[in-house]
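Scroll down for the structure; my scribbles are underneath it.
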Amino acid sequence: MPTWPTPWNWRERPMARDDADENIVRFPPRRVGSADAGDLESIAARMRDTLTEDDANQVEEDPDWQALLDEKIFAKRFGFDACRVFREQVIAMKEDADLTDREIRTLRRSGNLSFQDGHLKIHPSRSEQVWGWLLTVIFSVLMLLGILAAINAKHPSWAQMGKVTCIEGVLVFLLWWTMEIYIRPTRIGKRAIRTLARHRLSESA
């Protein structure tokens, strides 16, 4: 299994060669020796010794480097806590899969991004997407029935119109919620897997 490089040159690391399941992409943890196992501050100090002052300052001001260094910055940025090894894998995945911070938060919140057995995994669920589309159809039909009932009502009172408006508003919220929880995360996960597959093909060529 190839090892992950040290954090300051992660942009130039090789892609992992592990064979992944069709709907699961794993990011292997970097094998860390005892000499560099914990102290990122010492790594930053060594980095400053080997780079020019301008280059070192530019790297340290990079938001990805700051997220690696500080778990509070990482949690504020991505919406969840993670240890240093997993923080490195999340940031590596973000670049390799061409994801935004918000998309990573969406994957994590929906359960399509998880940490298992020391690996960061993307596992979009086809069944969740099917369930999402089924709910979308149901809520859309209910919205249509409510609109038709309001149109066909003879001399509806303001109270009746208010009830219909509230019901329609709830259904609109449920449609948005279904899209955010079931459909959009699966689309993001599948797109990320396709992007990673293209990276691996380009690396193996």
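Any read-out appearing in this document is the output of simple, stated calculations on the displayed coordinates, not a laboratory observation. The shown structure was predicted, so the numbers you read here are calculated from the model rather than taken from an experiment. Backbone-built Cβ (ideal geometry, glycine too); neighbour counts: all protein chains shown.
List the lysines whose alpha-carbon lies under 24 Å from that of Lys76, not counting same-chain residues fewer than 8 positions away? Hits, sequence-local ones excluded: Lys94, Lys121. Note on Leu145, Leu69, Leu107: ascending count of other Cβ atoms within 10 Å places them as Leu145, Leu69, Leu107, the fewest first.
Most exposed first by the Cβ proxy, i.e. fewest other Cβ within 10 Å, how do Val85, Val90 rank? The partial results should precede the final answer.
Working: Val85 18, Val90 25.
By the 10 Å Cβ count, ascending, the order reads Val85, Val90.
Projected label points at Ala159 and Thr195, each 7 Å from Cα along the beta carbon direction, are separated by 5.4 nanometres.
About its Cα centre, segment 76-205 has a charge dipole of approximately 60 debye under the convention of +1 per Lys or Arg Cβ and -1 per Asp or Glu Cβ, with nothing else charged.
Sorting Ser125, Ser114 on the 10 Å Cβ count, fewest up front, what's the list? Arranged by neighbour count, lowest to highest, Ser125, Ser114 become Ser114, Ser125. Counting 0.36 nm for each residue step from Asn152 to Thr136 and taking away their Cα separation leaves a gain of 3.3 nm.
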